[in-house]
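Below is one structure, written out as structure tokens, with a few remarks after it.
The values are calculated or read from the model by the stated rules, or taken from the named source; none is laboratory data. Just so we're clear, the structure is a prediction, and the values are computed from it rather than from any experiment. With ideal geometry, Cβ positions are generated from the backbone for all residues, glycine too; neighbour counts draw on all protein chains shown.
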Amino acid sequence: MHDDFPSINDREAAKKMNFDAIKVHSAPEVLAQQIIEQIKAGKLKPGECLPSQRELARMFEVGLGTVREALKILDVMGCVEVLRGKGSFVAENLSAILNGAPRLEDALEAVSLAELMKAREVVEIGAAGLAAEKADAENIKRLREITSRMIAVNASSETYYENDFKFHIAVAEAAQNQAILEIVKLLVGKTHTHTNFMDKALGISLPSEMKQCSQSAVRVVDWIEKNDAERATEEMRAHLNIVTVNLKQQFPRP
């Protein structure tokens with residue numbers, strides 16, 4: 001039998017085997033992980049200055065853009081502190097790295113819902129504008145699929161939350177910036193944890209104006225697809241404001 005066509009024995013053997021999915025990481029993620037390994041191994045000490053961006057690019061045989069994105073990831077994780085004009089330094093407190101928990105995520109545990117929403121405005125409004133400049137056809141297709149589910153008639157509160165989460169992550173993905181994506185994942189995840197907890201505890205549905213939010217999400221995608229960064233940022237601001245106003249009405253002190 002030709003090698004291109006699996007035999008019955010091949011198929012039977014395949015059924016018995018379990019493999020983990022192969023995860024393809026971006027170059028910045030791989031570089032960031034390699035630097036973390038150097039820190040864990042003690043080759044880079046707390047407070048020590050990393051080689052220059054050009055030197056890192058030469059050492060790892062990657063472009064400067066890859067190095068910059070990797071440093072942004074490490075900065076967000078709390079592994080490295082980037083000081084403009086001075087360089088990038090290994091963080092003094094490495095417990096977050098050694099324990100495998102990003103420092104930013106730990107800090108968000110004590111943050112109020114109002115503070116989370118304000119942080120989301122700062123990050124996500126800019127992300128929408130960047131998405132209008134960077135989004136490709138696949139990004140737009142995914143955003144359209146998600147918003148179609150958001151505006152579905154009789155969508156349950158749980159279904160709405162699930163798709164709203166996916167919408168905000170998809171906008172961040174369309175911005176084509178790994179640092180922004182990771183921050184948005186944390187902020188949106190923490191917000192939804194807050195909201196879902198109160199929803200179950202108090203027996204109410206948040207936000208009450210799901211239809212209004214869904215329609216606004218569609219308009220965000222419209223402007224992203226038209227490459228209109230200014231309108232995309234304005235609509236994302238309006239979208240987040242709908243949620244913030246609703247939360248303030250439900251919870252005077254969120």
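Where helices (runs of 4 or more DSSP H) fall entirely within region 148-254, those with at least 2 residues that are modelled with pLDDT of 90 or more and charged (D, E, K, R) are at 157-174, 210-225, 229-250. Against the test of being touching a Lys or Arg at 6+ places or on another chain (Cβ under 7 Å) and modelled with pLDDT under 85, the options A114, A107, A21, A96 yield a single qualifying residue, A96.
Just to be sure, is M77 outside the structural domain of I180 (by TED's automatic domain parsing), more than 22 Å from Q176 (Cα to Cα) and among the aliphatic types (A, V, I, L, M)? Judged against the criteria, M77 is not a match. The residue pairs whose first member lies in region 32-49 and is free of Cβ contacts under 8 Å to residues at least 24 places away in the same chain, whose second member is in a loop (DSSP other than H, G, I, E, B), and whose beta carbons are closer than 8 Å, counting only pairs six or more residues apart or on different chains, are Q33/H25; Q38/L44. The set of residues from region 40-86 being of a type outside the set (D, E, K, R), touching a strand residue (DSSP E or B) at 6+ places or on another chain (Cβ under 6 Å) and not in a loop (DSSP other than H, G, I, E, B) comprises C49, L71, L74, V80, V82. As a summary of the residue check, F89 satisfies the conditions (1) out of contact with any strand residue (DSSP E or B) (no Cβ under 6 Å at 6 or more places or on another chain); (2) modelled with pLDDT of 90 or more; (3) of a type in the set (F, W, Y) except for the one numbered (1). Per the conditions (1) buried (at least 16 other Cβ atoms within 10 Å of the Cβ); (2) within 16 Å of the chain's Cα centre (by Cα); (3) at pLDDT below 95, the sole criterion not satisfied by V122 is (1). Working only within region 116-151, note down all residues that are closer than 22 Å to T191 by Cα and of a type in the set (S, T, N, Q). Of everything in region 116-151, just one residue is closer than 22 Å to T191 by Cα and of a type in the set (S, T, N, Q), namely T147.
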